[in-house]
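The structure under discussion appears below in the form of structure tokens.
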Amino acid sequence: MSGDAPAIEASGLTKRYGEVLAVDDFTFSVGRGEVVGFLGPNGAGKTTTMRMLTGFVPPTDGTATIAGHDIFADPLAARRAVGYLPESPPLYPEMSVEGYLRYVATIKDVPRRVRREAVDRSLERCGLVEVRRRVIGALSKGFRQRVGLAQAIVHDPPVLILDEPTVGLDPIQIQEIRSLMADFAAPGEGETPRAVILSTHILPEVEAICRRVILIHQGRKVIDQPLSELIAGGQSLEEVFGRETSRDISAGAEGAMENAP
Ligand SMILES: Nc1ncnc2c1ncn2[C@@H]1O[C@H](COP(=O)(O)OP(=O)(O)OP(=O)(O)O)[C@@H](O)[C@H]1O
Ligand SMILES: [Mg+2]
């Protein structure tokens, strides 16, 4: 990572789709070693924010840096610094698991001499060793999800952005992926700590691995707090979620209030 820049720094990120304000002036940062949970109801803007951070959609306004690289000024370096598991990973059904990971490692600029090692490591970490020669299209849903994760980490990026990473996995694999995310952020001695953002609807998952919670509602950040503080008063994460997302805070709703007699 360049200098002491935070792993992720987003400033005023905004995305408008016609009339829909999907993400509204979203500012936050994530430091190395942190695992941050993005929470929010369906349609809150989690995926859209992740897509902006990873260079898949351009923000309407605002910007972000990934490991010190601005997504506008230095898009290639910013993209290279991030591993991304999209909601539906673009897997190539005719390719073998191993062939696909080798291909991803190549386009992510993993040097040829360490490519095999990088592929082997991601196969192992995601529990894919036994299916490495299988064709992706013939794998079960959970195994395809593992391949999606493996492609996100194959180039060992300093920043991981995972959109609902444990959807469709069996309980054992969920545990493995959770510990993978935790190790990834806080690895052993001598390794650089990395940053992880994950979105999830599974609140116990947040309690298990996230140090900090960012709650998004109607495109806006409504909570950005360490998990320990958030639940300090004895309230559950579920209660916080319910309370914070029951209000209508959309620009339209505010306008309506202002205009009310
Ligand atoms: N390509 C698009 N065109 C138009 N509107 C979009 C597009 N992508 C997202 N939106 C809208 O932006 C808003 C935020 O969607 P987003 O997918 O970011 O939500 P989310 O928090 O990821 O929800 P979920 O929990 O269901 O995955 C929604 O109103 C959605 O309909
Ligand atoms: Mg989503």
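The values are calculated or read from the model by the stated rules, or taken from the named source; none is laboratory data. Please read all numbers here as calculations on a predicted model, not as lab measurements. Here the Cβ is made from the backbone with ideal geometry for all residues, glycine too, and neighbour counts use every protein chain on show.
Among the residues that make up region 240-247, is at least one of them among the β-branched types (V, I, T), in the same structural domain as R51 (by TED's automatic domain parsing), surrounded by 14 or more Cβ atoms within 10 Å (Cβ to Cβ) and more than 21 Å from A118 (Cβ to Cβ)?
Looking for residues that are among the β-branched types (V, I, T), in the same structural domain as R51 (by TED's automatic domain parsing), surrounded by 14 or more Cβ atoms within 10 Å (Cβ to Cβ) and more than 21 Å from A118 (Cβ to Cβ), one finds at least one in region 240-247, hence yes.
Take the residues in region 25-47 that are within 12 Å of ligand 1 (Cβ to nearest atom) and surrounded by 22 or more Cβ atoms within 10 Å (Cβ to Cβ), then tell me which one is farthest from L85 (Cα to Cα).
F26
What number of residues within region 68-123 are within 18 Å of the chain's Cα centre (by Cα) and at positive phi?
The total comes to 1.
Out of (1) within 16 Å of ligand 2 (Cβ to nearest atom); (2) touching a Leu at 6+ places or on another chain (Cβ under 6 Å); (3) more than 17 Å from G33 (Cα to Cα); (4) hydrophobic (A, V, I, L, M, F, W, C), the odd one out for I202 is which?
Every listed condition holds for I202 apart from (2).
State yes or no: is G45 small (G, A, S), within 16 Å of ligand 2 (Cβ to nearest atom) and either under 26 Å from H201 (Cα atoms) or not assigned by TED's automatic domain parsing to the domain that holds V110 (or both)?
Spelling it out, G45 is indeed small (G, A, S), within 16 Å of ligand 2 (Cβ to nearest atom) and either under 26 Å from H201 (Cα atoms) or not assigned by TED's automatic domain parsing to the domain that holds V110 (or both).
For (1) more than 16 Å from ligand 1 (Cβ to nearest atom); (2) among the hydrophobic types (A, V, I, L, M, F, W, C), each residue gets a yes or a no:
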{"residue": "L53", "(1), (2)": "no, yes"}
{"residue": "G68", "(1), (2)": "yes, no"}
{"residue": "A73", "(1), (2)": "yes, yes"}
{"residue": "L76", "(1), (2)": "yes, yes"}
{"residue": "G83", "(1), (2)": "yes, no"}
{"residue": "K108", "(1), (2)": "yes, no"}
{"residue": "R121", "(1), (2)": "yes, no"}
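Which of the residues spanning region 216-229 are β-branched (V, I, T) and buried (at least 22 other Cβ atoms within 10 Å of the Cβ)?
Hit for region 216-229 is I216, nothing else.
Anything in region 113-146 that is modelled with pLDDT of 95 or more, charged (D, E, K, R) and loosely packed, with under 14 Cβ neighbours inside 10 Å? List them, or say none.
If the condition is that a residue be modelled with pLDDT of 95 or more, charged (D, E, K, R) and loosely packed, with under 14 Cβ neighbours inside 10 Å, then R113, R116, E117, E130, R133 are the ones that fit.
Conditions tested, residue by residue: (1) assigned to a loop (DSSP other than H, G, I, E, B); (2) in contact with a Cys (Cβ under 7 Å, 6 or more places away or on another chain); (3) within 21 Å of V213 (Cβ to Cβ).
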position: A5; (1), (2), (3): yes, no, no
position: S11; (1), (2), (3): no, no, yes
position: T14; (1), (2), (3): no, no, no
position: V23; (1), (2), (3): no, no, yes
position: F28; (1), (2), (3): no, no, yes
position: N42; (1), (2), (3): yes, no, yes
position: T63; (1), (2), (3): no, no, no
position: L76; (1), (2), (3): no, no, no
position: P93; (1), (2), (3): yes, no, no
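Quick check on my filter: what residues within region 111-141 are farther than 16 Å from I177 by Cα and in a loop (DSSP other than H, G, I, E, B)?
Selection gives P111, R132, R133, R134, L139, S140.
So which residues in region 1-20 are within 16 Å of ligand 2 (Cβ to nearest atom) and farther than 23 Å from R80 by Cα, if there are any at all?
Result: Y17, V20.
State the number of residues belonging to region 30-40 that are within 11 Å of ligand 2 (Cβ to nearest atom) and in a strand (DSSP E or B).
Counting residues in region 30-40 that are within 11 Å of ligand 2 (Cβ to nearest atom) and in a strand (DSSP E or B) gives 1.
Consider region 184-215. How many of its residues are more than 16 Å from ligand 1 (Cβ to nearest atom) and surrounded by 14 or more Cβ atoms within 10 Å (Cβ to Cβ)?
Residues that pass the stated criteria total 13.
Within region 100-111, is there a residue that is within 17 Å of V159 (Cβ to Cβ), more than 16 Å from ligand 2 (Cβ to nearest atom), surrounded by fewer than 16 Cβ atoms within 10 Å (Cβ to Cβ) and not aromatic (F, W, Y)?
Within region 100-111, one or more residues are within 17 Å of V159 (Cβ to Cβ), more than 16 Å from ligand 2 (Cβ to nearest atom), surrounded by fewer than 16 Cβ atoms within 10 Å (Cβ to Cβ) and not aromatic (F, W, Y).
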